[in-house]
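Read the structure below first, then the notes.
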Amino acid sequence: TKFLSVDGKSAIPLGSLVVGLQGPEHTTFYINGTAPPYSTPKPARFVIAKTDESFNVTSKTIADLSWALCHDYSNWTGAIKLPSPVQMAHKLAELAGMMDKGGEDIDHEKYAGKAHFL
């Protein structure tokens, strides 16, 4: 899914939040986390599958938190497309997949608390 400006001549700006395009079962929203100079950005789609009733949080709050976490990735100075915990999990899975035994023999205590590794 790609979104354009109202006049259709340019891409939506960096950080744009698109709501209201949801399916029948789950609340969804899109965040445009990138602004490529020569192409149309493809926003990330977020699906709120379930929320804890006692948590008392709105989908706007979850969207704001997601956008804030897009700025929290330690290996990049600007915003990234996905929230930093998602990016770190992806990188860790990629690194573990390249290791013998799928990373099962790695000394996890050696890397505990070292997010810059990811």
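The values are calculated or read from the model by the stated rules, or taken from the named source; none is laboratory data. Quick caveat: nothing in here was measured; it's all calculated off a predicted structure. When we count neighbours, we look across all protein chains shown, and the Cβ atoms used for this are built from the backbone with ideal geometry, even at glycine. Remember, those area values only see protein heavy atoms, side chains included, never the ligands or the DNA or RNA. Shrake-Rupley method; radii C 1.70, N 1.55, O 1.52, S 1.80 Å.
The table below gives the values:
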{"read-out": "Within the stretch 27-118, GluC sites (Glu not before Pro) in DSSP loop having at most 11 other beta-carbon neighbours inside 10 Å", "value": "E104"}
{"read-out": "Inverse mean reciprocal Cα-Cα distance (Kirkwood Rh) of the stretch 1-89, Å", "value": "14.1 Å"}
{"read-out": "For the chain, calculated [θ]222 nm from helices alone, where every DSSP H run of n ≥ 4 adds -39500 (n - 2.57)", "value": "-7500 deg cm²/dmol"}
{"read-out": "Most fluctuating residue given options A93, A63, A11, as computed from a GNM of the chain linking Cα atoms under 10 Å", "value": "A93"}
{"read-out": "Exposed chymotrypsin sites (Phe, Trp or Tyr not before Pro) absent - longest run of the chain, DSSP non-H/G/I/E/B, at most 12 other C-beta within 10 Å", "value": "77-118"}
{"read-out": "Cut-off under 5 Å, modelled amide H: who pairs with T51 long-range", "value": "none"}
{"read-out": "³J(HN,Hα) computed for each position of the stretch 17-32 - Karplus, 6.51 cos²θ - 1.76 cosθ + 1.60, integer Hz, glycine/proline x", "value": "10, 10, 10, x, 9, 10, x, x, 9, 10, 6, 10, 8, 10, 10, 8"}
{"read-out": "Members of K81/K114; K9/K50; K91/K114; K50/K81; K60/K91; K42/K101 lying beyond 25 Å, as alpha-carbon distances in this model show", "value": "K9/K50; K60/K91; K42/K101"}
{"read-out": "Carbon and sulfur %, accessible surface of the chain computed with the full protein complex present, 1.4 Å", "value": "56 percent"}
{"read-out": "Other-chain or far-sequence residues with amide H under 5 Å of F3's (modelled H)", "value": "I12"}
{"read-out": "Per DSSP, loop trypsin sites (Lys or Arg not before Pro) in the stretch 9-95 with at most 14 further Cβ within 10 Å", "value": "K9, K50"}
{"read-out": "Between 0 and 90°, nearest 10: helix 84-98 axis offset from the chain longest Cα axis", "value": "40 degrees"}
{"read-out": "Overall Cα dimensions of the stretch 38-118 - principal axes, largest extent first, Å", "value": "44, 42, 20"}
{"read-out": "P(r), alpha carbons of the stretch 16-63 - 10 Å bins starting at zero, rounded %", "value": "23, 47, 22, 7, 1"}
